[in-house]
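The values are calculated or read from the model by the stated rules, or taken from the named source; none is laboratory data. Since this is a predicted model, take the numbers as computed values, not measurements. We place every Cβ from the backbone using ideal geometry, glycine too, and count neighbours over all the protein chains shown.
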Amino acid sequence: MLRLNRLTDYAIVVLGALAYRRGDVMPTAQLATLTGLNQPTVAKVAKLLQAEGLLETRRGASGGYRLLAAPQDISLVDIVEAVEGPIAVNGCVDGAQDPCAVSNCCFMSNHWNKVNGAVRSALEDVSLADLVDPAALFTPRVHTTTSSSSTDHRIGN
């Protein structure tokens, strides 16, 4: 199963908070309060994202982190690779950290780059803006019920 690690999830949450604040510089303590993550985790994630050019650091009393690009210009690939490294569905793909030992005799080895490319392309098509809705982010959601009508809207009815 393809799965993003927990730190990547946290990175998306931190980036979402910064996207919500639209360019504001936010210290890790404020990000921790806003996101519900602990401050050391926020600091670790922010350093990874800063090292990969997704965040800018400002030092001093009014220092903190801010997005270096607009949310629509930050793809899920950018975030995943900043935290986890190159996307590689297995050891057979170009750029894998632990290359496959049997790729020269495996009938599947030629196909894994195509699969990896499809996964990468799907992640490139999703931006931070797609992942977070700044208008609703961190806003309590109110669930309302509406009266049901006698009309059945299921397909085929």
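General remarks:
- Scanning the range 1-33 for residues that are touching a Pro at 6+ places or on another chain (Cβ under 9 Å) and part of a loop (DSSP other than H, G, I, E, B) turns up Arg21, Arg22.
- For the criterion of being among the hydrophobic types (A, V, I, L, M, F, W, C), at pLDDT 95 or above, touching a Lys or Arg at 6+ places or on another chain (Cβ under 8 Å) and not in a loop (DSSP other than H, G, I, E, B), Val83 fails.
- Phe138 meets all of the listed conditions (1) surrounded by 12 or more Cβ atoms within 10 Å (Cβ to Cβ); (2) within 20 Å of the chain's Cα centre (by Cα); (3) modelled with pLDDT of 70 or more but one, namely (3).
- Test for Val77: is it aliphatic (A, V, I, L, M), surrounded by 18 or more Cβ atoms within 10 Å (Cβ to Cβ), modelled with pLDDT of 95 or more and more than 15 Å from Leu7 (Cβ to Cβ): yes
- Some residue of the range 57-68 being of a type in the set (Phe, Trp, Tyr) and touching a strand residue (DSSP E or B) at 6+ places or on another chain (Cβ under 8 Å): yes
- The lone exception for Ala43 - which of (1) crowded, with 20+ Cβ neighbours inside 10 Å; (2) at pLDDT 95 or above it fails: (1)
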